[in-house]
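Before any comments, here is the structure.
What follows is calculated from the coordinates using simple rules that are stated; it is not laboratory data. Values in this document were obtained by computation on a predicted structure and should not be read as measured data. So basically every Cβ, Gly included, is an ideal-geometry build from the backbone, and we count neighbours across all protein chains shown.
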Ligand SMILES: Cc1cc2nc3c(=O)[nH]c(=O)nc-3n(C[C@H](O)[C@H](O)[C@H](O)COP(=O)(O)OP(=O)(O)OC[C@H]3O[C@@H](n4cnc5c(N)ncnc54)[C@H](O)[C@@H]3O)c2cc1C
């Protein structure tokens, strides 16, 4: 039995811990925050329970696969509800388009907007299904240490058939002309953090996930997933040290040896670092042990940061459903303000999650729980005045589009932005979703899962393979654990 230390108790760290412990090792997770879950933590206030980060439960098979690896099922830990409509989009002037979960209803909705688009939707989703099987069931599981891993003929031809070299923007417009249908197809790439013109069309697998596999919600909140994973970890014998900030990784000639923390020093045989990759390398490791320089990081395209408002509202808001996307302003202008000329957006798009529409446990009776998110460029100056300004903007637009008074019924409000991502997660430039999945930051071109100078240091999390999102974080933990186990078995 060897000692495996894990930095970070988010999804990637929890996943890595479970796999390493299952192989029989003594595993300890060091988490700087009081609670586990990383970006998916939660808090309660005045009878409301707020999930702090992820809210879209997509790709249920990825969660199932994780739990199955430990002889469990997701339903052992939470009840999943299929949301129907999966989400709705506000296009301004009172136009709201709900996106049904059922394929026939979805075809009808598409056909009603653009003649001939129902059959195009069928082809689009059929290609999406193929990409999903190649992308999520094959490519995403590779450690991406060498292009040779991708050299099998079926993988290469699969990747080419998956349009890795054309952009999501061009691809979507080959099928749909109506800007509203294009917006419905392009919004999931917000999670991948790049403009649709810079994201490979392989990622239309996200549309397949959203529109065909379905949008789910774990009753009780997204934190139920964290609880389930923590329970698996404990059953495998994993120990947790919370409120424990790793301040330095010390190393000998070719191996990392100790974690220096605010709660003492800990020795290990292998280390999996799942905190923000940039922080681990640039702040915890001596220069000579780093994989990448500051110059390298300065050239990375980061996924967006976010300005978030958690709000408790003392009434029901009729027009909202569980997931609401406010696309009543120009997408390209907002995207350019995130990626091309980073600045606070003049007229942002935003997302409103209202889980109290599905789950009575997250708000007192007769009230709503709101999570409002504006994607913004990472690294922007984050001040209380700016947060207030955007609160007023989104509140005005929400009230107008919903035809309802909301502001005067807000009984609780908390904001969260760049400075919080920096303080709570050591996030590079205060990013929310890690590294953008552009073609030049894909697979082998992502920060490596292995430290090239220290044989027993491995990386997990949203800045390495396979990328941002909860399902990828689960896979990332598994990949890193497999690398650590290979090392320990040498
Ligand atoms: C607002 C928001 C909304 C999102 N929405 C969705 C969604 O709807 N669906 C989806 O699938 N994904 C979504 N995502 C993305 C998803 O949440 C993340 O990709 C995923 O949670 C990342 O997990 P992780 O383990 O890689 O990183 P983290 O969650 O950041 O975990 C890393 C952990 O390491 C700890 N740590 C860092 N440094 C140290 C240190 N020095 N010492 C000790 N501990 C340390 C941190 O405190 C943290 O707990 C969203 C993310 C955000 C922020």
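Results, tabulated for the structure shown:
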{"item": "Over region 33-132 - Rg/Rh using Cα atoms and the Kirkwood inverse-distance radius", "result": "1.07"}
{"item": "Two-decimal log10 I(q)/I(0) for the chain, as the Debye equation yields it once each C-alpha is a single scatterer, q = 0.08, 0.09, 0.10, 0.11 Å⁻¹", "result": "-0.46, -0.59, -0.74, -0.91"}
{"item": "Among 175-184, 1-10, 264-273, the order from most to least packed when residues are scored by Cβ within 10 Å on average", "result": "1-10, 264-273, 175-184"}
{"item": "Contact order normalised by residue count of region 102-213, Cα under 8 Å, 6+ apart, percent", "result": "36 percent"}
{"item": "Nearest 10 degrees, 0 to 90: helix 384-402 Cα axis against the chain principal axis", "result": "40 degrees"}
{"item": "Principal axis dimensions, largest first and in whole angstrom, of region 102-213 by Cα", "result": "47, 26, 20"}
{"item": "On Cα atoms only, tilt of 117-135 relative to the major axis of the chain in degrees", "result": "10 degrees"}
{"item": "Hydrodynamic radius of region 377-444 per Kirkwood, over alpha carbon pairs, in Å", "result": "14.5 Å"}
{"item": "Per-peptide average of other Cβ atoms within 10 Å, ordering 204-214, 119-129 highest first", "result": "204-214, 119-129"}
{"item": "Share, in percent, of DSSP beta bridges within the chain that are antiparallel, nearest 5", "result": "70 percent"}
{"item": "Fewest-first sequence of 458, 350, 165 by Cβ atoms within 10 Å of each Cβ", "result": "165, 350, 458"}
{"item": "Alpha carbon centroid spacing (whole Å) that separates region 298-342 from region 366-424", "result": "10 Å"}
{"item": "Crossing angle, helix 11-22 versus the chain [Cα axis fit, 0-90 degrees, rounded to tens]", "result": "40 degrees"}
{"item": "Sum of -39500 (n - 2.57) over DSSP H runs of 4+, divided by residues of the chain (222 nm, nearest 500)", "result": "-9500 deg cm²/dmol"}
{"item": "Dimensions (Å) - region 48-100, Cα atoms, principal axes, largest first", "result": "51, 27, 15"}
